[in-house]
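Please read the structure below before turning to the comments.
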């Protein structure tokens, strides 16, 4: 792998068999690669890239809900910091498809995305929330988020709209977060078996902020209220913003400019 970093072995959590004691990644120098590129808007930053490799040789024993044992492929995750390309807003990560090693690891999936660089710009104790994530699966296995996602052929290009979403929660410990409201909620999921280039361009519409506040009293009929950029307030039981409503508010406004 181009970037030498510590590998977090999930093998520590279970018993692998068939590969002795060497579970390390060792991509061959000529391994075919997949390039993941993220175009990061100014207010955001690229997340750490989480890469999952699997092995059909180094297996482990898991159990069904009824306690029946069965064999599963071995897997391990490695975290990589994407590299900024010169002075541009492009951040790139190169992934070896062949993970090598005694276990003959193979690239299975990757999780990446964007988040707010400085959430405190929205308030002193505001922290980063959810949204702006992407999961791409390169084999037939489910992703860590469940399922394999939308099937695509060839290389993958993703360009999606996002809106700042500031949420306050009062039940339990008080917290205030800023998330990225977009299509697909927290993560966009894809299966791209033939992809060698993955490109993600999140388009942030900073002028269209949505606010939400959870109920202060736990009572039937009390719901989170959402205040949209046009001032309308909706508390209909949903837990995340209405993305279609946000799009419908923004597009006419931009067309008038």
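No value in this document is a laboratory result; all are computed from the given coordinates. Quick caveat: nothing in here was measured; it's all calculated off a predicted structure. A quick note on method: Cβ atoms are made from the backbone with ideal geometry, for glycine too, and the neighbour counts reach across all protein chains shown.
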At 0.692 mPa s and 37 °C, Stokes diffusion of the stretch 112-225 via Kirkwood alpha-carbon radius, µm² per second: 207
The stretch 218-257 and the stretch 100-138: distance between their alpha carbon centers, rounded to Å: 26
11 Å reach of a label modelled at residue 56, 7 Å along Cα-to-Cβ, counting backbone N of the stretch 26-45: none
Relative exposure of 47, 106, 145, judged by other C-beta atoms within 10 Å (fewest first): 145, 106, 47
The chain: angle of helix 243-255 to the longest principal axis, Cα-based, in degrees nearest 10: 60
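What share of the DSSP beta bridges in the chain is antiparallel, in percent to the nearest 5?
Restricted to the chain, the bridges split so that about 65 percent are antiparallel.
Order these peptides, 236-242, 81-87, by their mean beta-carbon neighbour count within 10 angstrom, highest first.
On the way: 236-242: 14.1, 81-87: 11.9.
Put in order of decreasing packing, that is 236-242, 81-87.
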Zone of residue 43's modelled label, taken as backbone nitrogen in the stretch 104-148 under 19 Å from a point 7 Å along Cα→Cβ: 113-133
Residues 176, 94, sorted so that the one with the fewest Cβ neighbours within 10 Å comes first: 94, 176
Pairwise label distance in nanometres, residue 183 with residue 72, each label 7 Å out on the Cα-Cβ vector: 3.2
From the coordinates shown, semi-axes √(5λ) of the Cα gyration tensor in Å corresponds to which of (i) 33, 18, 17; (ii) 38, 23, 16; (iii) 28, 19, 19: (ii)
Nitroxide proxy distance, nm - points 7 Å out along Cα→Cβ at residue 65 and residue 117: 4.6
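What's the exposure ranking of 96, 66, going from fewest to most Cβ atoms within 10 Å? Intermediate values should be presented prior to the final figure.
On the way: 96 23, 66 5.
In order of increasing Cβ crowding within 10 Å: 66, 96.
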